[in-house]
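Okay, so here's the structure we're looking at.
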Amino acid sequence: MAHIRTFAELKELPPTKAEWRLIDAAQAGEPCVLGDGTLPPEGPPTPERHIRAEVLRYLILGGCDACRVDDIGVWLKGAHISEKLDLSFVAARGAIQLTASRFDQRLDMVQTRCKMLNLIGSYLAGISGQAIEVFGHLFIRYTVITDSVDLNGARITGQLACDGAILESKTDWALNVQDTEILGGIFLRPLELNDETEQALPFFARGGLTLASACVGGIHSSGMILSANAGKQALRAKNLTVTGAADLEGCSIFGTTDFTGAKITGDLSCKRATFNNKDGDAFIARRMQVAQSFIWRKDATATGKVILDGAHAAELDDNPQHWPDAAHLSLDGFTYDRIAEYTDYNPARKDWLHNGSHTDGKFFPQPYSQYAKFLRDTGHDSEARKVLLTRETLVRDHERSELNGFNLVKRTAGDWLQKVVVGYGHDPFRSIWWLFGLIFIATIPACFAWNEGSFAPNSGPVLVSQGWTNLHTEAPNPAKIWSGDMVPKGWTPEGVDTTDWDETQLADAWKNSAPGRDWETFNSVAYAADIVIPLINFGQTETWAPSTTRGWWGWHLWWMRWGFTVFGWIVTALGAAAITGIIRRE
C-alpha cells in the first residue's frame, strides 16, 4: 500500500469507523481508546478496533494542512494494527503512544525521530529501530514481542523501560541495544503489580540481551530472567559504560554474562543473582572497572566459570562462600581497594584465594598478592604475612613440579630451609627462635660432656702446666677440679683445721686455690651459643674444647659442634637476609 500524504488520499480509502475516531482524537490532542482499551485478542481484527498501518503512519507524521495532528502526537489504545507500520527515516509529530495494541507485523523505525515512544502492554512481532532517536522515554513495559528488538545505535534521552516485558527471539539477541546512548538508564525489572492477576510480571527474554559499547545512565534489572538460545551469550555488556549503578539483584541468567571492559560508575550488585552456564563461562568480567562496590553476596551463585581477570572494584562486598570452586573461578589480576565489613580473616577467604589462583592447571600468585596488599593497607600486617607465606609456598610448589632429578632435590632442600627458618622472608624473626632452639639442643651434650670430664682447656701452655698435668691422668673430671668447680678427692687446705667444715666451706676453699681459678669459667649455655651463633664471641670455644678420648659425650660433641656451627651459619644468614630484604618479601 502506498504511503498516504494528503487528507484527500486518506478519504479515498475510505477510513473505517475506528480510523475516523483516531483521526478526530489526534486532531484534538486526546487519547483514542478502542473497545475496552485492553489488548485485542488473536485472530482477524474486528471493525471497531481495526487500524491500518498507513493511516496510523499518516497521523504519526502530523497529517497535512487539511488534517493537522495536535503537537502532543498520536495516542492510541486497544487497537489492532494490520499490515506493516514503517516509520523509518521520518520524524514523528510529538509522541508516539500505541499502548495495549496488537501489531500483525514487525514495527520498522530505523532512524526514526520522536519525542516519546510508548508501547506499553502491546503485542508486536519485533522492532527494527536501529539508530532511532527518542527525545524522551521509550516504554515497552509488560509488552510481548515475539521477535528481536533491534535498537542498535539508538539515542534515548530518557529511559528505556522494559519492566514486565516478554521478549522471545529466534535469533541470538532478543534485545539489541549495542552502541546505544540511553541517558535515563535501562529498566528490565518485574512489573510490581498487575491489577488483574495480582502478581508481579517478570521481565523475561528468550534470546540474549546485548549492551556492548553502549552508554547508559544505569541498569535496573533486579529479578530479570534471561535465557540465551542454544547456550550462547545471554547478557553481552562488553565495553559498556554505565554512568550510574548496575543492578542485577535477583536475576536468573541462563547463558554467558559478559562484562568484559565495562566501566560502571556506581555499584554492580549481584545479590541473589544466579548465573547459569554449566558447560561454559557463566560470568566474565575481564578488565571491568567498578568505581564503587562490586556486590556478590546473599546467595549469589554461578553454575559455570566466573572470570574476573584484570577487573577492578573500589570495594568488594562479597560472601567468599558463594564463589564457585577452583575449576570455575579465575581471579588473576582482579584488584580492589577494600573489602566491605572486613573484621578478621575468614577461613572461606582462603578457599576463595586458592580457587581463584588455579586456572587450567596453572598457578597465578596475583590473587594472594592483592589480598595481602589490602591487609597491609588496612593495618592487618600479621595476616598479610601469612597470606604471602601461603602464596610463596604455592609458587615454590608449582615451580618444583616442573623440575626433576638433582635440580628437584637441590631446589626442595633450599625451599625447605627458607620456609622453616624465615618463612620465605615473610617471618624473618622466626630465625631467632631457631637459634634459641639450636642453642638449647647444643647445651644438652655440652652439659653432659662437662659433667663426665670430657672438656679440657683450649690452650697449649695450660695443658703442659704443672697444675693441669697433676690432674688430667688421675682425676675423673680434671676440668671441673682444675677450674675449681669440684673438690679433689681427699684434699684439705694446708695448715687449716677442717674438722668442723661442711662441704660448702671446703668447696669455697678449693675454688680460691684451684690452679685454674682465673681461667674462663665454663658455662654450657654460653658454650652452645658460641658454637651456634657465629657472629657473637662468648669466649667459650677459645678457652674450652671437648676431648674425644675421655667419654662418650665428649667424642660425640667434638663432631656435633661442626653441625651446630653449620646450621647456625645457615639460620643466621637466612635471618639476616630476610630482615635486610635480600630475600624478597613482596
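The values are calculated or read from the model by the stated rules, or taken from the named source; none is laboratory data. Just so it is clear, the model here is predicted, and its values are computed rather than measured. Cβ atoms come from the backbone with ideal geometry, glycine included; neighbour counts cover every protein chain shown. Note: areas computed on protein heavy atoms with side chains; ligands, DNA, RNA excluded. Shrake-Rupley method; radii C 1.70, N 1.55, O 1.52, S 1.80 Å.
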Worksheet item: Hey, got the dipole for the chain? About the Cα centre, +1 on K and R Cβ, -1 on D and E Cβ, debye to the nearest 20?
Response: 1320 debye
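Using a Förster distance of 22 Å, how high is the FRET efficiency between residue 498 and residue 474, based on the Cβ-Cβ distance and rounded to 0.05?
0.50
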Worksheet entry | residue 466 paired with residue 68, simple spin-label distance in nm, labels 7 Å along Cα-to-beta-carbon | 14.4 nm
Worksheet item: How high is the relative contact order of the stretch 399-493, in percent, counting Cα pairs under 8 Å that sit 6 or more residues apart?
Response: 15 percent
Fill in: Lys, Arg +1 and Asp, Glu -1 on Cβ, resulting dipole of the stretch 154-267 about Cα centre, debye, nearest 20
580 debye
Discussion item. Projecting each Cα onto the charge dipole of the chain (Lys/Arg +1, Asp/Glu -1 at the beta carbon, about the Cα centre), which of 451, 406, 488 comes out farthest on the positive side?
Written reply: 406
Discussion item. Taking the square root of 5 times each eigenvalue of the Cα gyration tensor, what semi-axes in Å does the equivalent ellipsoid of the stretch 409-566 have, largest first?
Written reply: 40, 16, 12
Worksheet, complete the sentence: Bounding extents of the stretch 346-488 in its principal axis frame from Cα atoms, largest first in Å, are 77, 42, 24
Item to complete: Using only alpha carbon pairs under 8 Å that are at least six residues apart, calculate the relative contact order of the chain and give it in whole percent.
Response: 5 percent
Worksheet, complete the sentence: Distance in nm between residue 36 and residue 556 label points, each 7 Å along Cα→Cβ, equals 10.3 nm
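Could you check how much of the accessible area of the chain is carbon and sulfur, as a whole percent, using a 1.4 Å probe?
Whole-percent figure for carbon plus sulfur exposure: 53.
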Discussion item. Taking 41 Å as R0, compute the FRET efficiency from the Cβ-Cβ separation of residue 28 and residue 181 and round it to 0.05.
Written reply: 0.75
Worksheet item: What is the spread of the Cα atoms of the stretch 247-303 along each of their three principal axes, largest first, in whole Å?
Response: 30, 23, 12
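With only Lys, Arg, Asp and Glu charged, each at its Cβ (+1 for the first two, -1 for the last two), find how big the charge dipole of the stretch 370-437 is about the Cα centre; round to the nearest 20 debye.
So the magnitude is around 100 debye.
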Worksheet item: Averaged per residue, what accessible area in Å² does the chain show with a 1.4 Å probe, protein chains only?
Response: 46 Å²
Worksheet item: Which whole-number percentage describes the relative contact order of the stretch 6-150, with Cα contacts under 8 Å and a sequence gap of 6 or more?
Response: 18 percent
Worksheet entry | With 5 Å bins from 0: P(r) over the stretch 276-425, alpha-carbon pairs, percent | 2, 9, 16, 21, 19, 14, 9, 6, 4, 1, 0
Item to complete: Select from the chain the helices, each a whole stretch of DSSP H, whose alpha-carbon atoms run 20 Å or more along the helix axis and whose Kyte-Doolittle mean is at least 0.0; answer none if there are none.
Response: 405-422, 430-451, 552-580
Fill in: Anisotropy class of the stretch 84-240 from Cα gyration tensor, a/c 1.5 cut
rounded
Discussion item. Suppose each label sits 7 Å from its Cα in the direction of the beta carbon; what would the residue 441-residue 508 distance come out to in nanometres?
Written reply: 4.2 nm
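Can you bin the stretch 282-369 into rounded, prolate or oblate? Criterion: square roots of the alpha carbon gyration tensor eigenvalues sorted a ≥ b ≥ c, rounded for a/c under 1.5, prolate for a/b above b/c, oblate for the rest.
rounded
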Worksheet entry | Zone residues, the stretch 367-387, relative to residue 344, backbone N less than 14 Å from point 7 Å out along Cα-to-Cβ | 383
Worksheet item: In what sequence, highest mean first, do 4-10, 574-580, 222-228 appear when ranked by Cβ atoms within 10 angstrom?
Response: 222-228, 574-580, 4-10
Response to the item:
If unit charges are put on Cβ atoms (+1 for Lys and Arg, -1 for Asp and Glu) and the dipole of the stretch 323-471 is taken about its Cα centre, the option from 461, 330, 370 lying farthest towards the positive end turns out to be 461
Item to complete: Give me the percent of Cα-Cα pairs in the stretch 197-297 that sit more than 17 Å apart, rounded to a whole number.
Response: 48 percent
Practice prompt. Please label the shape of the chain as rounded, prolate or oblate, based on the square roots a ≥ b ≥ c of the eigenvalues of the alpha-carbon gyration tensor (a/c under 1.5 means rounded; beyond that, a/b larger than b/c means prolate, else oblate).
Written response: prolate
Fill in: Residue among 123, 526, 566 farthest towards the positive dipole end of the chain, charges placed on Cβ
123
Worksheet entry | Segment residue 404-residue 321, extension gain: residue separation times 0.36 nm, minus the distance between their alpha carbons | 26.2 nm
